[in-house]
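*Asks:* So that we are looking at the same thing, I have put the structure below in structure tokens.
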């Protein structure tokens, strides 16, 4: 099975946004009524799923879309200081050279993603950017992306850094690669049984080649 379409998550997978998002979330804590994270809390939350983090924070679900919108707005102010994950530009170049169709599915805004890609001269690697402002609906967003673009699910892989990325992919029966350099820890990701777990962007090339042997 040769992979033809590679869909990346954005935050934590392509862009190193973890620390920026934590800082922003802490600044907004008083406005939304949850406790800011202490440095000692960081490793703990990396072991939790999104639902567990929300439950632990006590934040009502109806506030989530408003918090997400504020975080995205604040993130745009910091966008020029954000960097790609080390090794990502080289990975994208090689995948493009192999003739892969590369895209992004993210809950961040299209404006933030496009601005980031432009700053780092990465726009030309991507055939599409799909922005879906949802926390728990990634499976529906993935399915819609596949249907709208007439992609064959067997030839597509999703690459993300969170347990919800794995869960969404498995729900619609597509291959998923989890990366350990983003939000969730490797221990948390392993529990969700991704098809592959990688520790460095260069390992993605090996994984894509291995899919052809499955």
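*Asks:* Looking only at the stretch 194-214, filter to residues that are in contact with a helix residue (DSSP H, G or I) (Cβ under 7 Å, 6 or more places away or on another chain) and free of Cβ contacts under 8 Å to residues at least 40 places away in the same chain; which one of those is surrounded by the most Cβ atoms within 10 Å (Cβ to Cβ)? Break it down into steps so the answer makes sense when it comes.
*Replies:* Start the filter on the stretch 194-214 by keeping residues that are in contact with a helix residue (DSSP H, G or I) (Cβ under 7 Å, 6 or more places away or on another chain), which leaves 194, 196-198, 201-202, 204-205.
Add one more test, that the residue is free of Cβ contacts under 8 Å to residues at least 40 places away in the same chain, and what stays is 194, 196-198.
Details: 194: 23, 196: 18, 197: 18, 198: 19.
Going through the qualifying residues, I end up with 194.
*Asks:* While we're here: Any idea which of 53, 24 is closer than 20 Å to residue 163 by Cα and either outside the structural domain of residue 111 (by TED's automatic domain parsing) or not in a helix (DSSP H, G or I) (or both)?
*Replies:* None of the others qualify; the one that does is 53.
*Asks:* Also, I was wondering about something else. Restricting attention to the stretch 62-83, does a residue exist that is farther than 22 Å from residue 188 by Cα, in contact with a strand residue (DSSP E or B) (Cβ under 8 Å, 6 or more places away or on another chain) and outside any helix (DSSP H, G or I)?
*Replies:* Checked against the condition, which is being farther than 22 Å from residue 188 by Cα, in contact with a strand residue (DSSP E or B) (Cβ under 8 Å, 6 or more places away or on another chain) and outside any helix (DSSP H, G or I), the stretch 62-83 yields at least one hit.
*Asks:* Outside the structural domain of residue 76 (by TED's automatic domain parsing), over 15 Å from the mean Cα position of the chain (by Cα) and in contact (Cβ under 8 Å) with a residue 12 or more places away in the chain: does that describe residue 173? Explain how you work it out, then say what you get.
*Replies:* Numbers: outside the structural domain of residue 76 (by TED's automatic domain parsing): yes; over 15 Å from the mean Cα position of the chain (by Cα): yes; in contact (Cβ under 8 Å) with a residue 12 or more places away in the chain: yes.
It is true that residue 173 is outside the structural domain of residue 76 (by TED's automatic domain parsing), over 15 Å from the mean Cα position of the chain (by Cα) and in contact (Cβ under 8 Å) with a residue 12 or more places away in the chain.
*Asks:* While we're here: Can you tell me which residue among 149, 173 is more than 27 Å from residue 61 (Cα to Cα) and surrounded by fewer than 14 Cβ atoms within 10 Å (Cβ to Cβ)?
*Replies:* Result of the check over 149, 173: 173.
*Asks:* Out of (1) within 20 Å of the chain's Cα centre (by Cα); (2) surrounded by 15 or more Cβ atoms within 10 Å (Cβ to Cβ), what's the single condition that is false for residue 65?
*Replies:* (2)
*Asks:* Being surrounded by 15 or more Cβ atoms within 10 Å (Cβ to Cβ) and touching a residue at least 60 places away in the same chain (Cβ under 8 Å) is the filter here, so list the residues in the stretch 18-49 that pass it.
*Replies:* 18, 20, 46, 47, 48, 49
*Asks:* Given the residues 114, 138, 100, which is the only one that is farther than 23 Å from residue 20 by Cα and surrounded by 15 or more Cβ atoms within 10 Å (Cβ to Cβ)?
*Replies:* Numbers: 114 fails: farther than 23 Å from residue 20 by Cα; 138 fails: farther than 23 Å from residue 20 by Cα.
Testing whether each residue is farther than 23 Å from residue 20 by Cα and surrounded by 15 or more Cβ atoms within 10 Å (Cβ to Cβ) leaves just 100.
The values are calculated or read from the model by the stated rules, or taken from the named source; none is laboratory data. Just so you know, these numbers come straight off a predicted model, no measurement behind them. Positions of Cβ are backbone-derived with ideal geometry, glycine not excepted, and every protein chain shown enters the neighbour counts.
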